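Here's the structure, in structure tokens; my notes come after.
Every read-out reported here was derived from the displayed coordinates using simple, explicitly stated rules and does not represent laboratory data. Predicted model only: the values in this text are computed from it and were never measured. Here the Cβ is made from the backbone with ideal geometry for all residues, glycine too, and neighbour counts use every protein chain on show.
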Amino acid sequence: MKAIICKSFGPPSNLEYGEMPDPIPAEDEILVNIKACSVNFPDTLIIQGKYQFKPELPFSPGSDVAGFVEAVGSQVKGFKPGDEIVAMTIWGGMAEKMAIKATNCFPKPPEMEMETAASFLVAYGTSYYALKTRGQLKEGETLLVLGASGGVGLTAVELGKMMGARVIAAASTAEKLQLCKEYGADELINYNEENLRDRIKEITGKKGVDVIYDPVGGQYAETALRCMGWDGRYLVVGFAAGDIPKVPLNLPLLKSYQIVGVFWGAWALRDPAANFQQIMQLVQWFKEGKLKPHIQATFPLQEAPRALELILERKVKGKVVIAI
Ligand SMILES: NC(=O)c1ccc[n+]([C@@H]2O[C@H](COP(=O)([O-])OP(=O)(O)OC[C@H]3O[C@@H](n4cnc5c(N)ncnc54)[C@H](OP(=O)(O)O)[C@@H]3O)[C@@H](O)[C@H]2O)c1
């Protein structure tokens, strides 16, 4: 089969397009004929050997896929050849085929295009788990989303608004913020040009923010941590800026707020039934037209390294997808 191959850890330009052996599914796995794979920030870390999981070389990156069931292992129930599915993995998705554990596969709604389906699971799964299960976001609360136009950020804006929050979107360009506005953001902060702390104060007054969704980390985190309101929840989603922030622990004490870790993929493996329920809720909202995954661009498999570069160059709004 054709695949994007990582033969040595390094930047996207190291990746090669070539042949890999067809995978053989184990008894609890599905052999998936992959039609689309979206790019997530962790893909850029995995190929550099900087992620918490380090695959054996050579491997294909890609964790968010949609396609057809080609064959099923002897223990797999509920799926048959020809079914359309969406699935999450850790790597392996930028290839024509992949063997994926059946518990990580979900039926694809027929009204969802393959590219859209491949953009759905990680972005919406992470944000819904973060805001609902971890953040306990309530109607009428204020939600600040950092990196608000990114893959997970934009879904946090959209879901936060749907859940009844007053959403403040923070991002680095006017163009990115315009998209956040289209996805329901009530207030916009350009943290490249404006003082994040002053603007949050201006918007929330003395009260501060109830819930902060942070997939960025780096320089913005401490400022945001100083803007939390009483009894708030700071959701630690990721560190796209690179640096892992160090937190002065007097801050959560003074406002009696919580710093809450969010690791959706690990939770989904530990509690597949609860995750299944949340994914089905998200799919239902999609069918009702309430969620609109934003795809900035689609690339053929050979050009997957360019898609990964765009993420690292901070040029992606919503998602980029590899069509296979
Ligand atoms: N915890 C979980 O379960 C979970 C699940 C999925 C993803 N994540 C994490 O969430 C983060 C975002 O993932 P994503 O797929 O949404 O990525 P993405 O689409 O690239 O979005 C990341 C955003 O971070 C901002 N950013 C700031 N500094 C950056 C830098 N140096 N390089 C790149 N982006 C930078 C960018 O917005 P501005 O230009 O507007 O600042 C960008 O839109 C990653 O750290 C990822 O590992 C966590």
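Gain on full extension, evaluated as 0.36 nm per residue between GLN302 and GLU139 minus their Cα-Cα distance, stands at 54.2 nm. Which one of GLU187, GLU175, GLU56 has the biggest mean-square fluctuation once the chain is modelled by GNM with Cα springs under 10 Å? Of the options given, GLU56 has the highest mean-square fluctuation. Stretching LEU251 away from GLU193 to a fully extended chain increases their span by 18.3 nm, per 0.36 nm per residue minus the current alpha-carbon distance. How would you classify region 218-324 from its alpha-carbon gyration tensor, with a ≥ b ≥ c the square roots of the eigenvalues: rounded for a/c under 1.5, else prolate if a/b is greater than b/c, otherwise oblate? Since a/c reaches 1.5 but b/c is at least a/b, the shape of region 218-324 is classed as oblate.
Counting only DSSP beta bridges whose two residues both lie in the chain, roughly 55 percent are antiparallel. Comparing SER256, SER149, SER60 in a Gaussian network model of the chain where C-alpha atoms under 10 Å apart are linked, the largest mean-square fluctuation is found at SER256. The phi-based Karplus calculation (6.51 cos²θ - 1.76 cosθ + 1.60; θ = phi - 60°) puts the 3J(HN,Hα) values of region 21-29 at x, 4, x, 10, x, 6, 5, 9, 10 Hz, whole numbers, x for Gly and Pro. Rounded is the label for region 123-265, because the ratio a/c of its alpha-carbon gyration tensor axes (a ≥ b ≥ c) stays below 1.5.
Relative contact order for the chain: 18 percent, from Cα pairs under 8 Å spaced at least 6 residues apart, divided by residue count.
Would you mind classifying the chain by shape? Square roots of the alpha carbon gyration tensor eigenvalues, ordered a ≥ b ≥ c; an a/c under 1.5 is rounded, otherwise it is prolate if a/b is larger than b/c and oblate if not. It comes out prolate by the Cα gyration axes. Measuring between alpha carbons in the structure, the pairs from LYS50/LYS101; LYS161/LYS207; LYS138/LYS315; LYS7/LYS101 lying more than 27 angstrom apart are LYS138/LYS315. Spacing of the modelled spin labels on GLN219 and GLU84, each 7 Å from Cα toward Cβ, amounts to 4.5 nm. The label-point distance for GLU113 and LYS206, in a model that sets each label 7 Å from Cα toward Cβ, rounds to 5.1 nm. Given the options GLY10, ALA241, PRO25, identify the residue whose Cα lies farthest towards the positive end of the charge dipole of the chain (+1 on Cβ of Lys, Arg; -1 on Cβ of Asp, Glu). Projecting each Cα onto the dipole axis, the largest value belongs to ALA241. Here LYS319 is the anchor, and the aspartates and glutamates within straight C-alpha reach of less than 12 Å, apart from those fewer than 8 places off in the same chain, are ASP64, GLU115. Mean sequence separation of contacting Cα pairs (under 8 Å, at least six apart), scaled by the length of region 123-265, corresponds to a relative contact order of 23 percent.
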